[in-house]
Amino acid sequence: MASPVEILLAATPLVLTGVLLIGLLWPATRAMPIAWLAAVLVGYWVWGNSVEYLVGASLVGVITALEILWIVFGALVLLYTLMQAGAFDRINEGFAAVSDDRRVQVVLLAFFLATFIEGAAGFGTPAAVVAPLLLALGFPALAAVIAALIGHVIAVTYGAVGTPIIVGIESPLGTYSDVIAAGGGMSVAEYSMAVAAWAATYHALVGFAMPLFAVGMVVYFFGEERSIKPALEVAPLCLFAGLAFAVPYWASAWYLTAEFPTLIGSMVGGAITVAALRAGYFLPEEEWEFPPQEEWPAHWVGTIEPGSVNEVDVPGVGSTGGDTPAADGGTPTTSAAASELSLLRAWSPYVLLVALLVITRVSDGISRFLTEGVLIPIETGFGEFVVGVAFAWNGIFGYDGLEASVGWLNVPGFWLLVSALVAIPLFGMSGRQVKDAWLEAGEKIVSPFIALVFVIAMVQVMINAGSYPGAAVEESMIELLAVATATVTGAAYPAIAALIGALGAAMTGSNTVSNITFSGFQFTAAQELGLPTQIIVGAQAVGGAIGNLVAIHNVVAALATVGLVGQEGRVMRLNLIPLVYYAIGVGIVSMLFSYVLFPGLF
């Protein structure tokens, strides 16, 4: 049995992460190297790991980070390609033109467009893109940020084409492959897909109300009178939109893969809702509007005035067609070329992406080739390298338990880039536009690269510390903390599982990193208490999503796009309202699943 001192020291890297990120508001690029160093020192002095082993465990984290960044880079290249081509402007116009009612615009842009962007790019992109679009339509800056952050939260578990599941769950649980095979008869990949399906069930049951929540927050806190009555007037629309999203979203998670739920939910649900509105259903009898701008409190508005699209800078959007960049170096005005695009043509690169992912996942032959087709093993004194359609490093520095891989062709990053390349001739893009899109994506990836490398390296050190031959402590740091938490919380653990995931995301600003940090923790705690592991790890995946509501990184990024930096505390306080609703709802469902409906599930 581990001593209290060992448990305390095992928690040091996580506590330090929380203090630096949340307490001192350090950026992750500064905080995470220090947290990694703390994990290394604990691994060396307390667990008795060798320096070589700790370096090897850290390299596992580096390689895992490269796989995440490969997906994110592809997602950002495709997004910025569509922005440069004017296709994204056309998509936005298609939503905004349906109604001038602010409540309808929240549903269409802050919910459907934001969830779509989350599924396509993730990593804080939705709020940073949608908030300035709402500002351009005349929303107060603060309202735009809050609506965008709340609107996309249901989608985060499957952001960036499923990265939080594909990498965040599957990668760290590789350590438990034997346990998963013995207890559930599944591979780690199959188990991760099962977790994704249960996470979608939580989201569908609790999160379908998020359009109503987003509208309610806007009308209550930014209306002439503090009343939710205007939100209740469009409740049928909000609930219809939530269900139109949730049903295909849930079905995709259960019957396809974790890459599709958010993309399919937003595309199918958005199309159904827009069609219903155009047919005259659910449109409010009277349009709701914000108070006159001269009556707005100072904290509602930043350095960018609400107004037309031409007046608002949308970060990351370069020139469209022959437009001239804005004089201040921000976004150029929207070109008429955007309006000339058909909606189908504007959406087509993402339609192609979904088709490519479906084909490569459904066809066993293609899937097998992408993962096993051309693999060349190379034995070295540092372990076995495997190169080809994938890259792997097995037995790093001679330690059998240390291995990592990157499926260059199988993960969505490759197909995202293929879709971006197809978009170039499809939209007749110039060389300058293509260059700007790729440079913008490259610039955006630098900070996440530094933060991800060190946070995942830290987690791998914590996960592998107990596997070192002759380790002074048999359990890993993560296992030690999980067992201690399970002992303290006991039967109430399912009720707080999502909150643990939310804490991880709030600290790191990422559902993926929260999952990497805590999925093994949740798995071990569930086993210790005899709870269904899929249900508990699924709650972790959902918690990692809802933590984005108050993740300081996401809040700061969104506020910066509307010129409102400095209002972080106000946004986080307001967003605690939907976070508490979501956490309580998921906690109740988790308790019900764990003890009443599915207690025998592995």
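Results, tabulated for the structure shown:
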quantity	calculated
The stretch 339-379, residues that are over 19 Å from VAL406 (Cα atoms), open to solvent by 50 Å² or more (accessible area, probe 1.4 Å) and at pLDDT 80 or above	SER342, LEU343, LEU344, ARG345, VAL351, LEU352, ILE359
Boolean, ALA539 is open to solvent by 10 Å² or more (accessible area, probe 1.4 Å), within 24 Å of the chain's Cα centre (by Cα) and more than 26 Å from PRO27 (Cβ to Cβ)	no
Residue under evaluation LEU37, criteria (1) open to solvent by 10 Å² or more (accessible area, probe 1.4 Å); (2) assigned to a helix (DSSP H, G or I); (3) in contact (Cβ under 8 Å) with a residue 12 or more places away in the chain, criterion not met	(3)
Subset of the stretch 275-291 (residues that are open to solvent by 50 Å² or more (accessible area, probe 1.4 Å) and either closer than 20 Å to LEU137 by Cα or of a type in the set (A, V, I, L, M) (or both))	ALA275, ARG278, ALA279, LEU283, GLU286, GLU287, GLU289
Qualifying position, being more than 23 Å from the chain's Cα centre (by Cα), farther than 25 Å from SER447 by Cα and part of a helix (DSSP H, G or I), among PHE139, PHE221	PHE221
Residues being at pLDDT 90 or above and closer than 30 Å to SER266 by Cβ - total across the stretch 40-76	0
Selection count, the stretch 49-58, where residues are in contact with a helix residue (DSSP H, G or I) (Cβ under 6 Å, 6 or more places away or on another chain) and either among the β-branched types (Val, Ile, Thr) or assigned to a helix (DSSP H, G or I) (or both)	5
Those residues of the stretch 187-227 which are more than 27 Å from HIS152 (Cβ to Cβ) and touching a Ser or Thr at 6+ places or on another chain (Cβ under 9 Å), in sequence order	SER187, VAL188
Residue under evaluation ALA241, criteria (1) under 19 Å from TRP300 (Cβ atoms); (2) in contact with a Phe, Trp or Tyr (Cβ under 9 Å, 6 or more places away or on another chain); (3) surrounded by 16 or more Cβ atoms within 10 Å (Cβ to Cβ), criterion not met	(1)
Yes/no for VAL513 being among the hydrophobic types (A, V, I, L, M, F, W, C) and either farther than 28 Å from THR201 by Cα or free of Cβ contacts under 8 Å to residues at least 12 places away in the same chain (or both)	no
The stretch 462-484, residues that are among the polar types (S, T, N, Q), assigned to a helix (DSSP H, G or I) and open to solvent by less than 40 Å² (accessible area, probe 1.4 Å)	ASN464
Any hit, the stretch 438-449, residues being among the aliphatic types (A, V, I, L, M), modelled with pLDDT of 90 or more and closer than 22 Å to ALA120 by Cα	yes
Single residue of GLY504, GLY490 found to be of a type in the set (Gly, Ala, Ser), open to solvent by less than 40 Å² (accessible area, probe 1.4 Å), out of contact with any Asp or Glu (no Cβ under 7 Å at 6 or more places or on another chain) and farther than 27 Å from GLY122 by Cα	GLY490
Boolean, VAL406 is β-branched (Val, Ile, Thr), modelled with pLDDT under 90 and farther than 23 Å from TRP347 by Cβ	yes
Failed item in (1) assigned to a helix (DSSP H, G or I); (2) without any contact (Cβ under 8 Å) to a residue 60 or more places away in the chain; (3) touching a helix residue (DSSP H, G or I) at 6+ places or on another chain (Cβ under 9 Å), with SER227 passing the rest	(1)
Out of ALA128, ALA147, sole residue that is touching a residue at least 12 places away in the same chain (Cβ under 8 Å) and farther than 30 Å from MET458 by Cβ	ALA147
Considering residues of the stretch 557-602 that are closer than 17 Å to GLY151 by Cα and without any contact (Cβ under 8 Å) to a residue 24 or more places away in the chain only, the residue most open to solvent (accessible area, probe 1.4 Å)	ARG573
Residue that is in contact with a Cys (Cβ under 9 Å, 6 or more places away or on another chain), under 25 Å from GLY509 (Cα atoms) and either open to solvent by 20 Å² or more (accessible area, probe 1.4 Å) or part of a helix (DSSP H, G or I) (or both), where the choices are VAL161, VAL195, VAL206, VAL215	VAL215
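To keep it simple, each residue is scored yes or no on (1) outside any helix (DSSP H, G or I); (2) under 30 Å from GLY223 (Cβ atoms); (3) of a type in the set (A, V, I, L, M, F, W, C); (4) open to solvent by 10 Å² or more (accessible area, probe 1.4 Å).
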| site | (1), (2), (3), (4) |
| --- | --- |
| VAL5 | no, no, yes, yes |
| LEU21 | no, no, yes, no |
| TRP47 | yes, no, yes, no |
| ALA65 | no, no, yes, no |
| ILE71 | no, no, yes, no |
| LEU78 | no, no, yes, no |
| GLN84 | no, no, no, no |
| LEU109 | no, yes, yes, no |
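The values are calculated or read from the model by the stated rules, or taken from the named source; none is laboratory data. On a predicted model such as this, the values are computed, not experimentally measured, just so you know. Every residue, glycine as well, gets a Cβ built from its backbone with ideal geometry; the counts of neighbours run over all protein chains shown. Please note that ligands, DNA and RNA were not included when accessible areas were found on the heavy atoms of the full protein model with its side chains. Shrake-Rupley method; radii C 1.70, N 1.55, O 1.52, S 1.80 Å.
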